[in-house]
1. State which residue pairs qualify: first residue under 15 Å from residue 169 (Cα atoms) and inside region 107-118, second residue of a type in the set (D, E, K, R) and surrounded by 22 or more Cβ atoms within 10 Å (Cβ to Cβ) in any location, beta carbons under 8 Å apart, and separation of 6 or more residues or different chains.
2. Does region 162-188 hold any residues that are free of Cβ contacts under 8 Å to residues at least 60 places away in the same chain and within 21 Å of residue 39 (Cβ to Cβ), and which are they?
3. Taking only region 52-91 into account, find how many residues are of a type outside the set (A, V, I, L, M) and under 18 Å from residue 113 (Cα atoms).
4. Evaluate the following for residue 24: is it more than 13 Å from ligand 2 (Cβ to nearest atom) and more than 23 Å from residue 163 (Cβ to Cβ)?
5. Taking into account only those residues within region 48-84 that are within 16 Å of ligand 2 (Cβ to nearest atom), touching a His at 6+ places or on another chain (Cβ under 9 Å) and hydrophobic (A, V, I, L, M, F, W, C), which is nearest to residue 132 (Cα to Cα)?
6. For region 78-104, how many residues are at pLDDT 95 or above and either of a type in the set (Phe, Trp, Tyr) or within 16 Å of ligand 1 (Cβ to nearest atom) (or both)?
Amino acid sequence: MLRAKPPADWLEKIKANLPAVLVDHAHLERKAATTALCLEKYKDLYPHVEELNAIAIEELQHFQLVLNLLKARNIPFGHAFPSPWISGMMKSIRNGSRHQAIDHLICCSLIEGRSCEKFQILSQALSERDPELAQFYGSLVESEGNHYATYILMARSIDDAETDRRLDFFLNLDAELVQKPNSYPILH
Ligand SMILES: [Fe+2]
Ligand SMILES: [Fe+2]
């Protein structure tokens, strides 16, 4: 469904900066947990509050797993780098509760979808050099894929046609932004 691949130099940049990438990954999981809780503010998502709690718990567990990896590898937990791709997507979320909820869900679903795609690439690319990390990324693919699908279904439960329209818009935006190079050692 995604309309563009990550830039050609993305994988090399990641492989050359694995310790920093793991710190960035820890922050991504932390932000994924807080985002799931943040979505609970929308009236249209009150019926999904328990599902969102379950996602938040799962993301918090992922955060802890990455922290465990950092500790085992003597990598200190550090600051997060900004992601021009994520901020570019978030900037296009419209105001107004129903539109905002749909856009927010679609942005979250595409972040989950890109994570799913990139974890899959990393699980293959690192299989010889770092089997432990390759296995770890492989183990997250299904969960992030489920989050992607859950967020899209939640948006559809609010308004199916509007979700299609905005998904088309955000897929184009994603394809444009994902190709832009940045020098940060970040997954997104
Ligand atoms: Fe996660
Ligand atoms: Fe996730």
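1. 110/174
2. 164, 165
3. 9
4. yes
5. Filtering region 48-84 for residues that are within 16 Å of ligand 2 (Cβ to nearest atom), touching a His at 6+ places or on another chain (Cβ under 9 Å) and hydrophobic (A, V, I, L, M, F, W, C), the one nearest to residue 132 (Cα to Cα) comes out as 66.
6. 3
The values are calculated or read from the model by the stated rules, or taken from the named source; none is laboratory data. In this text, all values refer to a predicted model and were calculated from it rather than measured experimentally. Backbone-built Cβ (ideal geometry, glycine too); neighbour counts: all protein chains shown.
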